[in-house]
Amino acid sequence: MTDRAGTPAEPDPEPERETESAAAEEPDGSDGSGDSEDSGEGSSGAPAKPRRHWLRWTALGVSVVLLGAAGTGWWFYRKLDDNITTDTTAADELRRYEKERPTAVASAARNILLIGSDTRSGEGNREYGRDKGTQRSDTVILLHLAADESGATAVSIPRDLMVTIPSCARTEGGGRTRERLAQFNWSFEWGGTACTIRTVEKLTGIRVDHHMVIDFRGFKKMVDAVDGVEVCLKEPVDDGDAKLKLPAGRQTLDGEQALGFVRARKSLGNGSDTERMDRQQMFLGALVNKVQSDGVLLNPAKLYPVLDAATKSITTDPGLDSLRDLYELARTMRSIPTEKVQFLTVPRRPYTYNANRDELVQPAASELFRQLREDRPVVVTPAEPDGGADASSDGKPDDPDDADTPVPSSTPTFTGRNAAEGVCS
């Protein structure tokens, strides 16, 4: 304060003490001069806290951790990606017959052929029988994913269905097979994946976009990776051929038990392949439920073993042989509500000339194939409780001439189930 310009009213009292006091109040050198940090001491002579040094070391440590995490993540990604086996042989064979193959009607929809191989070769598979150098497809499912990702329909094709198998390159011994009428699973034994795909396309008129092949060992590891899948048994099971011995009731199956459960024919139900396919569909629905649960997908400790087992277990076409491709497929399945993941078997009945074989029921089968080919919806409903496996297996749409049946909608209905029902429904 001044009396007039340039003339102090009175001197400021003891400026040196104010400076000393200010230094004492700011021991960390934050007065902007930087002297305390440079000298390592405050004005009072005591060591200052090296806050800026601490921040620098913290930033460096965080950077190292982030780089390490990124490196570890990249290592896991590369490991999982390298696990996948690519089937280039099938791709080459399919290119040879490109002009014969169906044209995709709904380009954004995807049709994936899932093949369960019963090969006894390879680690962990020989215990199920002698390796005869050939393999058959005990399980074949055509999975249709709607273009708008609103639903997924999985159609089982019976192994004993009588179909026309085209001329195919032999997987063993060279040469080619001749076109002939035979049971469906011979296509895989004679000509491998490409022959099976061409047989399915000839049967359905549906373009197969991708395929996956999984063997016994792969199936077991997938089930073990999700800590088992729950089933319900009405009565005890003791099946030496399927290596399955279980008490009655609700229980969680590990991989070995699950494989026996989906393969057993003699000791579960009436021993028919029809009932075995129904059981496979129920189990796959329960597996979808388990994998979709947040306990698996949102838990890295559980998710990595699932991904590791899945990528080690499958052989795919070149269009689906990367972790990114499989992630996109998993993301699509994750977005579909479980009640919209449907399972059914192609409409069929005992073959006219051999009751141990199957044939298509028409026009129900053609109606189903047309709906999938054109990416139109289908509806599945449970079989009648007292109808019996064979009575409800044709999958025919409701009869509009039945006086007690309401007028059907434009969406055909087939006998089947959805993933929300689970095995114990």
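Check region 329-336 and report whether any residue there is over 29 Å from residue 88 (Cβ atoms) and open to solvent by less than 40 Å² (accessible area, probe 1.4 Å).
Yes - at least one qualifying residue is present in region 329-336.
Could you say whether any residue in region 255-264 is out of contact with any helix residue (DSSP H, G or I) (no Cβ under 7 Å at 6 or more places or on another chain), assigned to a helix (DSSP H, G or I), without any contact (Cβ under 8 Å) to a residue 40 or more places away in the chain and not small (Gly, Ala, Ser)?
yes
Limited to region 337-357, what total is found for residues that are of a type outside the set (D, E, K, R) and either crowded, with 18+ Cβ neighbours inside 10 Å or part of a helix (DSSP H, G or I) (or both)?
So the answer is 8.
Give the number of residues within region 350-369 that are under 18 Å from residue 411 (Cβ atoms) and touching a residue at least 12 places away in the same chain (Cβ under 8 Å).
The qualifying residues number 5.
Residues of region 181-207 being among the charged types (D, E, K, R) and modelled with pLDDT of 95 or more, which ones?
Answer for region 181-207, where residues must be among the charged types (D, E, K, R) and modelled with pLDDT of 95 or more: 198, 201, 202, 207.
Just to be sure I understand the filter: pairs with C-beta atoms under 6 Å, separated by 6 or more residues or on different chains, first member in region 331-349 and within 17 Å of residue 150 (Cα to Cα), second member among the basic types (Lys, Arg) and open to solvent by 30 Å² or more (accessible area, probe 1.4 Å). Which pairs pass?
343/417
I need the full set of residues from region 204-259 which are within 30 Å of residue 107 (Cβ to Cβ) and hydroxyl-bearing (Ser, Thr, Tyr), in order please. Don't jump to the end; show me each part of the working.
As a first pass, look at region 204-259 and keep what is within 30 Å of residue 107 (Cβ to Cβ): 204-214.
Scanning region 204-259 gives a single hit, 204.
Pick from region 115-168 the residues that are touching a Gly at 6+ places or on another chain (Cβ under 7 Å) and part of a loop (DSSP other than H, G, I, E, B): which of them is modelled with the lowest pLDDT? Walk me through it before giving the result.
Taking region 115-168 and keeping what is touching a Gly at 6+ places or on another chain (Cβ under 7 Å), we get 120, 137-139, 168.
Applying the additional criterion that residues be part of a loop (DSSP other than H, G, I, E, B) yields 120, 168.
Working: 120: 45, 168: 94.
Filtering first and then ranking leaves 120.
Specify which of the listed residues (401, 390) is farther than 23 Å from residue 206 by Cβ, surrounded by fewer than 12 Cβ atoms within 10 Å (Cβ to Cβ), at pLDDT below 50 and among the charged types (D, E, K, R).
Checking each option against the conditions leaves just 401.
Restricting to region 169-190, name every residue that is open to solvent by 10 Å² or more (accessible area, probe 1.4 Å) and assigned to a helix (DSSP H, G or I).
Residues satisfying the conditions are 186, 189, 190.
The values are calculated or read from the model by the stated rules, or taken from the named source; none is laboratory data. Because the structure is a prediction, the values reported are computed rather than measured. In this analysis, Cβ positions are derived from the backbone assuming ideal geometry, glycine residues included, and neighbour counts consider all displayed protein chains. Note: areas computed on protein heavy atoms with side chains; ligands, DNA, RNA excluded. Shrake-Rupley method; radii C 1.70, N 1.55, O 1.52, S 1.80 Å.
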